[in-house]
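In what follows, a structure is listed as structure tokens, so that the remarks can point back to it.
Just so you know, all these numbers are worked out from the coordinates, no wet-lab data involved. Remember, it's a predicted structure, so these values are computed and weren't measured experimentally. We place every Cβ from the backbone using ideal geometry, glycine too, and count neighbours over all the protein chains shown.
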Amino acid sequence: MFQRKILRLIKRHFQDNFVFYFIISMAFIIGNITGPLIFKKIGDYPRSLILRISNPYFKNIYSGDYTNISVLKSSIISNVFLILSLLLFSLFKLGEIAIPVLISLKGCSIGFTVGFLINNYGASGFFISLLGIYPQNLFIILGIICIGAVSMSLSNNSKDFRARIPRRRTRSYYNNDYFLLILTYSIIVIIGSIIEGVLSPGVLNLILKNII
């Protein structure tokens, strides 16, 4: 019964806010395409710096701690921070611009990591990215895009955070439907983070000796 309610909420929100889902999806795609292009245009030091930010596994490699638990913690922290940032911007009209930018940066970070693997390891890097990068990001990308769309719809419904505070709880921001949507999509992101912590280290360790 609860699952059916969630599915109905998702379907209704998608239908009512399709334009936001489209904008967020396009922002992610643009970022994902831009990532490899940026990789080719910058030097080694900026590459290593961005790589640490882009992927929790590579961040932990440079810090010398790349166990499954450490990668899992880094992944959860970075994704929760992104979710909270999206929700924060949903409080303001500025979110209609800031939220797609954040999503685009997320897409750019994934594209940058894949660009690094392919540029340095060719076909092997491509297959490693398929096994070690994309599986978890299928969940993370889906959850983040949907949270971005929900955040944009909230931002669109609000002119100013202070103006929204006195409103009744039945209004959009305080509606339980939005809470359930955000919770559901956040769980999807956390599932992706768990996969990242379990799967990525095992697959990406195949090229570890070439990175250190």
Practice prompt. Positive end of the charge dipole of region 1-127 (Lys, Arg +1 and Asp, Glu -1 on Cβ, about the Cα centre): tell me which of G31, G95, S124 has its Cα farthest that way.
Written response: G95
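Report the relative contact order of region 2-211, percent, no decimals, based on alpha-carbon pairs under 8 angstrom and at least 6 residues apart. List each step's numbers first, then the result.
Details: 268 pairs, mean separation 66.0, N = 210.
About 31 percent, as a whole number.
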Item to complete: List, in order, the whole-Hz ³J(HN,Hα) value for each residue of region 117-133 obtained from phi through the Karplus relation with A = 6.51, B = -1.76, C = 1.60 and θ = phi - 60°; use x for Gly and Pro.
Response: 5, 5, 5, 8, 10, x, 4, 4, x, 5, 5, 5, 5, 5, 8, x, 10
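What is the magnitude of the charge dipole of region 2-211 about its Cα centre, with +1 placed on the Cβ of each Lys and Arg, -1 on the Cβ of each Asp and Glu, and no other charges, expressed in debye to the nearest 20?
Details: 21 positive and 7 negative charges, 155 e Å.
The calculated dipole for region 2-211 is roughly 740 debye.
For R12, R4, what ranking results if the residue with the fewest other Cβ atoms within 10 Å of its Cβ goes first?
On the way: R12 12, R4 8.
Sorted ascending by nearby Cβ count, the order is R4, R12.
Quote the FRET efficiency, to the nearest 0.05, computed for I191 versus I38 with a Förster distance R0 of 25 Å and r equal to the Cβ-Cβ distance.
For I191 and I38, the calculated efficiency is 0.30.
State the dimensionless ratio Rg/Rh of region 2-211 (Rg: radius of gyration of Cα atoms; Rh: Kirkwood radius). Provide the component values of the computation, followed by the final result.
Values: Rg = 18.2 Å, Rh = 17.9 Å.
When Rh is taken as the Kirkwood radius, the ratio is 1.02.
Please arrange M26, M152 by how many other C-beta atoms lie within 10 Å of their C-beta, fewest to most. Intermediate values should be presented prior to the final figure.
Values: M26 14, M152 26.
Ascending Cβ contact count within 10 Å gives the list M26, M152.
Using a 10 Å cut-off on Cβ atoms, rank the peptides 122-133, 106-117 from the highest mean neighbour count down. Before the final figure, lay out the partial values.
On the way: 122-133: 15.8, 106-117: 23.5.
Going from most to least packed, we get 106-117, 122-133.
On a full-extension model of 0.36 nm per residue, what is the gain between F127 and L88, subtracting their alpha-carbon distance, rounded to one decimal in nm?
On the way: separation 39, 0.36 × 39 = 14.04 nm, distance 3.67 nm.
Once the chain is fully extended between F127 and L88, it gains 10.4 nm.
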Worksheet item: If you take the square roots of the eigenvalues of the alpha-carbon gyration tensor of region 36-147 and sort them as a ≥ b ≥ c, do you get rounded (a/c under 1.5), prolate (a/b over b/c) or oblate?
Response: prolate
Practice prompt. Read phi for every residue in region 93-106 and hand back ³J(HN,Hα) as whole Hz from Karplus 6.51 cos²θ - 1.76 cosθ + 1.60, θ = phi - 60°, with x for Gly and Pro.
Written response: 4, 4, x, 5, 9, 5, 5, x, 5, 4, 5, 4, 5, 5
Discussion item. As a quick test, which of the pairs K73/K106; K40/K73; K41/K73; K11/K93 have an alpha carbon distance above 21 angstrom in this structure?
Written reply: K40/K73; K41/K73; K11/K93
Practice prompt. Would you calculate the separation in nanometres between label points at F22 and N156, each defined as 7 Å from the Cα along the Cα-to-beta-carbon direction?
Written response: 1.0
